[in-house]
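Take a look at this one; I'll ask things after.
The values are calculated or read from the model by the stated rules, or taken from the named source; none is laboratory data. Values in this document were obtained by computation on a predicted structure and should not be read as measured data. Note that each Cβ is placed from the backbone with ideal geometry, even for glycine, and that neighbours are counted across all protein chains shown. In case anyone asks, the SASA skips ligands and DNA or RNA and just uses the protein heavy atoms, side chains included. Shrake-Rupley method; radii C 1.70, N 1.55, O 1.52, S 1.80 Å.
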Amino acid sequence: MRTKKLAYPIPVFEFVALMAMMMALVALSIDSLLPALPEIAVSLDQTGSNDIQLIISMLFLGLAIGQMIYGTLSDFIGRKPAVYLGLLLFFLGCLISFFAEILPVMLAGRLLQGIGLAAPRIISIALIRDQYEGSVMAKVMSFVMSIFIIVPAIAPALGQGVLMFANWRFIFLLLSLVAVIILIWFMLRQPETLEAENRMPFSLNRIFKAIGQICGNRVALGYTIIAGFVASMFLGFLSSIQQVFETYGKAEIFAGGFAVLALFIGSASLLNAKIVVRKGMRFIVKIALYMLFAVSLIYLLLSSFSPLDFWVVMVFFVISLFCVGLLFGNLNALAMEPLGHVAGIGSSLVGSLSTFISVPFGIVIGLSFNGTAIPLIIGFLVFSLLSLGTIFWIGKAGKG
């Protein structure tokens, strides 16, 4: 049932579509650019350099910064003004990237886009929590995530479609247009869900206190670190996957190939929703990490005998990304288990801290690209092993 009565609630199906669009803007802003990276590299005089991957990484850094702020900010100024601010920053970031002639300017635009994107990403969850509770909230969230899962699969094709008729700069115009549509739709149709009398003053002390509670709890901190390690693998993958396709001479099938890989992540998330109650989050996390470590080790050993064929590498990505899909939701939920007393800001900070961990490591994995998939395989191997070691460390708290 609803947690509160809104004066003019929008129909549930429209609310689900709007929240899915707000959350999906993140995936669209990342994945639609992947096919354009070679063309952007030429325009920005970065041909042959792995530095062009920073276009992906910098958006993640912006997300980490924004997630730390918007949860508390929306409790202070309301949900709608916080979303307006975020979408405005995203729009300005798109304009900066559109006009960029050198890589540093492009990266500044991407950082601003990430900071802005954190608002619709974080606040959409708060809006769902404000209006629904119990099984109805879970059902609404499931519908939102079902739509959200489709976007990473189609985003590269959208970017590729733009490149068929215009240059890469128009991808940023497309992203700006989507942001404007979301803004107008949200402004006209979504009521404010946090009334003035229920708002709390903005407090940096509240943020630092919540960080202290996370860092002071071995379970919360441990699973946040593991979430960061897993996100490092995924960021390294996103940063260099287009180069992998290009190296193997398969650039023309990148959009379709990436769609298949993205759907394996989504299918893992759906499978997890069906089995998590029966098997438990800790069991699934351990199995997924053991699988990641084992398949990475096997592939690294195979590569020492002969170069890996493209389709053999694709099998590695299918298995690995399926495991990543099993891990994402469970790790965040496990990190939040001891933080029920600070659930709202705790959720934002767990996401922010894990992203801060992932960015430098993900950049290292991506920039290590050497014309083969080996750096990615090594990255998956190292960080799955570190994650398993962290689970052992968590277990010493008596809750493993």
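Check the stretch 75-91 and report whether any residue there is at negative phi, open to solvent by 30 Å² or more (accessible area, probe 1.4 Å) and among the acidic types (D, E).
Taking every residue of the stretch 75-91 in turn, none turns out to be at negative phi, open to solvent by 30 Å² or more (accessible area, probe 1.4 Å) and among the acidic types (D, E).
If you don't mind, another one. Please state which one of S49, S29, S43 is polar (S, T, N, Q) and open to solvent by less than 10 Å² (accessible area, probe 1.4 Å).
The match here is S29.
If we keep just the residues of the stretch 369-399 that are part of a loop (DSSP other than H, G, I, E, B) and within 20 Å of E246 (Cβ to Cβ), which is most open to solvent (accessible area, probe 1.4 Å)?
Ranking the candidates gives N370 first.
Just to be sure before I move on: is S176 buried (at least 17 other Cβ atoms within 10 Å of the Cβ) and in contact with a helix residue (DSSP H, G or I) (Cβ under 8 Å, 6 or more places away or on another chain) in the structure I sent?
yes
Which condition breaks for G344 when tested against (1) at pLDDT 90 or above; (2) open to solvent by 10 Å² or more (accessible area, probe 1.4 Å)?
Condition not satisfied by G344: (1).
Is it the case that F317 is surrounded by 20 or more Cβ atoms within 10 Å (Cβ to Cβ), at pLDDT 95 or above and either within 27 Å of T47 (Cβ to Cβ) or β-branched (V, I, T) (or both)? I'd like the intermediate steps shown before the answer.
Numbers: surrounded by 20 or more Cβ atoms within 10 Å (Cβ to Cβ): yes; at pLDDT 95 or above: yes; either within 27 Å of T47 (Cβ to Cβ) or β-branched (V, I, T) (or both): yes.
Judged against the criteria, F317 is a match.
So that you can scan it fast, the table gives a plain yes or no per residue for (1) surrounded by fewer than 20 Cβ atoms within 10 Å (Cβ to Cβ); (2) at pLDDT 95 or above:
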site: F258; (1), (2): no, no
site: L263; (1), (2): yes, no
site: L271; (1), (2): yes, no
site: V276; (1), (2): yes, no
site: F283; (1), (2): yes, no
site: M291; (1), (2): yes, yes
site: L301; (1), (2): yes, yes
site: S306; (1), (2): yes, no
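Something else now. Within the bounds of the stretch 96-116, is there any residue that is acidic (D, E) and either modelled with pLDDT under 90 or surrounded by 16 or more Cβ atoms within 10 Å (Cβ to Cβ) (or both)? First the steps, then the outcome.
Kept after step one, since they are acidic (D, E), are these residues of the stretch 96-116: 101.
Retained after the next criterion (residues that are either modelled with pLDDT under 90 or surrounded by 16 or more Cβ atoms within 10 Å (Cβ to Cβ) (or both)): none.
No, the conditions are met nowhere in the stretch 96-116.
Now, a different point. For the stretch 136-185, which positions are modelled with pLDDT under 95, over 22 Å from V42 (Cβ atoms) and over 19 Å from the mean Cα position of the chain (by Cα)?
Of everything in the stretch 136-185, those that are modelled with pLDDT under 95, over 22 Å from V42 (Cβ atoms) and over 19 Å from the mean Cα position of the chain (by Cα) turn out to be V136, M137, A138, K139, V140.
Any residue in the stretch 232-248 that is in contact (Cβ under 8 Å) with a residue 12 or more places away in the chain sitting within a Cβ distance under 8 Å of a residue that is surrounded by 24 or more Cβ atoms within 10 Å (Cβ to Cβ) and not in a helix (DSSP H, G or I)? List the pairs, counting only those 6 or more apart or interchain.
Final answer for the pair search is V244/A373.
Checking F245 against (1) under 21 Å from the mean Cα position of the chain (by Cα); (2) closer than 30 Å to T372 by Cα, which single condition isn't satisfied?
(1)
May I ask you to say which residue of R199, R218, R189 is closer than 26 Å to V359 by Cα, modelled with pLDDT under 95 and either out of contact with any strand residue (DSSP E or B) (no Cβ under 7 Å at 6 or more places or on another chain) or open to solvent by 20 Å² or more (accessible area, probe 1.4 Å) (or both)?
When all the criteria are applied, what remains is R218.
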